[in-house]
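Worksheet: one structure, shown below.
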Amino acid sequence: MAATSVMSASRNFLYNNNKVLFFSSLNSKKPTFLLHNNSLLSRKTPKNLTFFSSTRCIHSTQQSLETKNLDMGLVHRPNVVEILEQRGLLESITSENLRSACSYPKLSPLKVYCGFDPTAESLHLGNLLGIIVLSWFQRCGHRAVAVIGGATGRIGDPSGKNIERPELDIETLEKNTEGIVKIISTILGRWDQNRNLNVGLERPQSSNVGSEENRISYVGSGDSFIILNNFDWWKDIRLLDFLIKVGRYARVGTMMSKESVKKRLESEQGLSYTEFTYQLLQGYDFLYMFENEGVNVQIGGSDQWGNITAGTELIRKILQVEGAYGLTFPLLLKSDGTKFGKSEDGAIWLSPSVLSPYKFYQYFFSVPDVDVVRFLKILTFLSLEEIKELEEEMKKPGYVPNSAQRRLAEEVTRFVHGEEGLLEALKATEALKPGAETKLDWKTIEGIAEDVPSCSLTYDQVLNASLIDLSVSTGLLESKSSARRLLKQGGLYLNNSRVDSEGKLIEAGDIVDGKVLLLSAGKKNKMVVRIS
C-alpha cells in the first residue's frame with residue numbers, strides 16, 4: 001500500500017492509511033521510530049514500507065495534500081497554541097514545531113498533560129489556569145491528561161517555595177488525591193457531556209499499555225481526557241535501576257542552573273537533596289508517559305519551565321527521538337504584580353465543600369476594573385470579539401458598574417461549579433439583597449451562613465417572639481430603640497421582606513423550611529438564625 005512522506009519543520013513523516021507511521025529528523029537518513037496514534041511501538045522500520053526522503057517528495061506531497069484534504073474530509077483542528085497566545089495564556093514553548101503539530105490535519109490529536117500534586121484536598125485558583133489550558137486543548141480536538149502526583153507529592157516541588165514542604169502521611173495523600181480527582185474529572189468531564197460536535201477522539205481501549213510490569217490504571221477518564229496517578233509507575237521502580245536508566249543522562253550542572261534550584265540554594269533555608277531530585281522525577285514522568293501512553297506535550301506555569309525541559313531533554317537523550325514538547329503559561333497575577341487567588345480568608349479553593357460557589361462567585365465579582373478584561377481572556381472561553389464588546393461598554397456613559405465583573409464571575413463559576421453551582425451562587429447573591437423577590441429556601445440561606453453572622457435558638461425561643469426583641473437578642477441590633485427607628489425608616493427585613501409593623505411576631509410560616517430565619521438591618525447587616 002502506498003505511503004506518503006511529508007516534511008514538517010525539522011521532521012519527516014511517513015503515512016500509511018492516514019496514520020503516522022514514523023518520523024525522522026531532516027539530517028537523518030533513517031527513520032527515528034514507529035508510531036501508531038502517537039504511541040511508540042518500535043524504533044525499527046517495517047520491512048514492507050519504504051522511507052521516502054522529504055527532499056524527493058516534498059513538492060508532490062504539497063500538491064497531493066491540497067487535493068487529499070478536500071477529498072478525504074480531514075478534520076482541521078483550530079491551532080490551540082495561537083489561541084493561547086492571543087488570549088495571553090502562552091509564556092514559552094520548547095519548539096516552534098508545536099504550532100504545526102497541534103493543527104496539522106494528518107497528525108493524530110496530541111496528548112497533553114499537566115501535573116497536580118496532592119498537597120491539599122482541593123485545588124485552588126492557582127491551579128485553575130492549568131485546567132483551563134488543558135480544556136483549550138480538549139476543545140481543539142486533543143486529549144487532556146491530568147497527572148496526580150501520588151509519588152512526587154511525597155517529595156514536594158521546590159519551585160516558587162521558600163521552604164521545604166511538610167511531609168504528608170499516606171492517608172492524607174490518598175484523601176487529597178481523591179478530592180483532586182473529583183474536581184478535575186467533574187470540570188473536564190463537563191465538556192464531554194455538553195459538547196454537540198464529535199471531534200473524533202477515542203476513549204482509551206484499555207489501561208493495559210506497554211508490558212505487563214508497566215501496566216497502569218486510569219484514575220478517571222472521559223472521551224477527551226484521562227486522569228493518571230504517577231505513583232502507579234513509581235511504586236515498582238528501584239533506585240539502582242533508575243540511576244542506571246535515567247541518572248546517567250542527567251547533568252548536575254544543568255540541574256543546578258534551573259531557576260527554582262538557584263533561588264533556593266541562595267536562600268537561608270537552602271535545598272535538600274530530596275527536593276533537588278524533584279525535577280528529575282517530573283522529567284521521568286514525561287519520559288514514561290511519552291513512551292507508554294503516547295503523551296507528547298507537557299504544560300505548566302512559567303515556574304515549571306525547568307521541570308518541563310528536564311523531561312524533554314530526557315526523552316531526547318534516552319529515547320533519541322524528537323516530538324516531545326513543553327508549553328508554559330504565565331502565573332495568575334494582578335496588575336500590581338501580586339498573586340491572584342488570595343482573599344482575606346486565604347486561598348480561593350475550587351472544591352464547593354471547602355469554598356461555597358457563592359463565595360467563589362463573589363470573589364470574581366469584586367475584581368478591579370483594571371484587571372477584569374485580562375481575566376476574561378485568560379479565565380473564560382468567551383470569544384475575543386465578545387470580550388472586546390464588554391471592554392467597549394465599560395468606556396461608555398451609563399455603563400452599569402461591575403457588569404463585566406458579573407460576566408466574569410458567571411463564566412468562571414459555571415466552568416468550575418457547573419450550571420447548578422452558578423444557580424446556587426446567584427440565588428445566594430439575591431438572598432443578600434433585601435427586598436429581592438427571589439424565594440428563599442433553607443439551602444440558599446445556609447449557603448451564605450459562613451459569610452454572615454449566625455446564631456442558634458430553639459423553636460420555642462423563636463415562635464411568637466417579637467421581631468424587635470429577636471433583632472436585639474440575636475445581636476443584629478444593639479437596642480430595641482434602634483430596631484424601632486430602623487423599622488420606621490423601612491430598613492428592617494425578615495427573610496428579605498420589609499417589615500412595617502412594630503408588633504410583628506414570628507409565625508411558623510416565617511421559619512424557612514422549619515429550619516432558619518434571615519434577619520437584615522439595612523443592606524449590609526445580616527443575621528442567620530438557625531432553629532434547633
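The values are calculated or read from the model by the stated rules, or taken from the named source; none is laboratory data. Computed from a prediction, not measured in an experiment: that's the story for all the values here. Here the Cβ positions follow ideal geometry from the backbone for every residue, glycine too, while neighbour counts run over all protein chains shown. These accessible areas exclude ligands, DNA and RNA; they are computed on the full protein's heavy atoms, side chains included. Shrake-Rupley method; radii C 1.70, N 1.55, O 1.52, S 1.80 Å.
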Exercise. Identify the single condition in (1) open to solvent by less than 70 Å² (accessible area, probe 1.4 Å); (2) at pLDDT below 90 that Val528 does not satisfy, given that it satisfies every other one.
Key: (2)
Practice problem: Could you please let me know if Leu440 is of a type outside the set (S, T, N, Q), in a loop (DSSP other than H, G, I, E, B) and at pLDDT 90 or above? | Solution: no
Self-check item: Flag if Val462 is outside the structural domain of Ala428 (by the TED database), within 20 Å of Lys443 (Cα to Cα) and modelled with pLDDT of 90 or more
Solution: yes
Self-check item: Residue in the stretch 192-237 that is farthest from Glu174 (Cα to Cα), counting only those that are open to solvent by 50 Å² or more (accessible area, probe 1.4 Å) and at pLDDT 85 or above
Solution: Ile237
Quiz item: If you go through the stretch 364-405, how many residues are surrounded by 11 or more Cβ atoms within 10 Å (Cβ to Cβ), outside any loop (DSSP other than H, G, I, E, B) and either among the hydrophobic types (A, V, I, L, M, F, W, C) or in contact (Cβ under 8 Å) with a residue 24 or more places away in the chain (or both)?
Solution: 18
Self-check item: Criterion (assigned to a loop (DSSP other than H, G, I, E, B) and in contact with a helix residue (DSSP H, G or I) (Cβ under 9 Å, 6 or more places away or on another chain)) met by exactly one of Gly115, Gly150
Solution: Gly150
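Just to be sure, is Ser185 closer than 19 Å to Thr152 by Cα, at pLDDT 65 or above, touching a Gly at 6+ places or on another chain (Cβ under 8 Å) and surrounded by 14 or more Cβ atoms within 10 Å (Cβ to Cβ)? Outline the logic, then answer.
On the way: closer than 19 Å to Thr152 by Cα: no; at pLDDT 65 or above: yes; touching a Gly at 6+ places or on another chain (Cβ under 8 Å): yes; surrounded by 14 or more Cβ atoms within 10 Å (Cβ to Cβ): yes.
Against the criterion (closer than 19 Å to Thr152 by Cα, at pLDDT 65 or above, touching a Gly at 6+ places or on another chain (Cβ under 8 Å) and surrounded by 14 or more Cβ atoms within 10 Å (Cβ to Cβ)), Ser185 does not qualify.
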Exercise. Would you tally the residues in the stretch 298-314 being modelled with pLDDT of 90 or more and in contact with a Lys or Arg (Cβ under 7 Å, 6 or more places away or on another chain)?
Key: 0
Exercise. Scan the stretch 299-358 residue by residue and report those that are in a strand (DSSP E or B), aliphatic (A, V, I, L, M), more than 30 Å from Val246 (Cβ to Cβ) and out of contact with any Phe, Trp or Tyr (no Cβ under 8 Å at 6 or more places or on another chain).
Key: Ala347
Self-check item: Residues (modelled with pLDDT under 75, small (Gly, Ala, Ser), surrounded by fewer than 20 Cβ atoms within 10 Å (Cβ to Cβ) and in a helix (DSSP H, G or I)) located in the stretch 238-282
Solution: Gly253
Quiz item: Just checking, which of Asp303, Asp285 is open to solvent by less than 30 Å² (accessible area, probe 1.4 Å) and among the charged types (D, E, K, R)?
Solution: Asp285
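Can you tell me which of Leu408, Leu422, Leu426 is surrounded by 14 or more Cβ atoms within 10 Å (Cβ to Cβ), in contact with a Lys or Arg (Cβ under 7 Å, 6 or more places away or on another chain) and not in a loop (DSSP other than H, G, I, E, B)?
Working: Leu408 fails: in contact with a Lys or Arg (Cβ under 7 Å, 6 or more places away or on another chain); Leu426 fails: in contact with a Lys or Arg (Cβ under 7 Å, 6 or more places away or on another chain).
Testing whether each residue is surrounded by 14 or more Cβ atoms within 10 Å (Cβ to Cβ), in contact with a Lys or Arg (Cβ under 7 Å, 6 or more places away or on another chain) and not in a loop (DSSP other than H, G, I, E, B) leaves just Leu422.
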Quiz item: What number goes with the only condition from (1) open to solvent by 50 Å² or more (accessible area, probe 1.4 Å); (2) touching a strand residue (DSSP E or B) at 6+ places or on another chain (Cβ under 8 Å); (3) aliphatic (A, V, I, L, M) that Leu440 does not pass?
Solution: (1)
Quiz item: Filtering the stretch 318-337 down to residues that are open to solvent by less than 60 Å² (accessible area, probe 1.4 Å) and out of contact with any strand residue (DSSP E or B) (no Cβ under 8 Å at 6 or more places or on another chain), which residue is nearest to Tyr288 (Cα to Cα)?
Solution: Ile318
Quiz item: Which residues, counting only those in the stretch 120-147, are in contact with a strand residue (DSSP E or B) (Cβ under 8 Å, 6 or more places away or on another chain) and in a helix (DSSP H, G or I)?
Solution: Leu125, Gly126, Asn127, Leu129, Gly130, Ile131, Val133, Leu134, Ser135, Phe137, Gln138
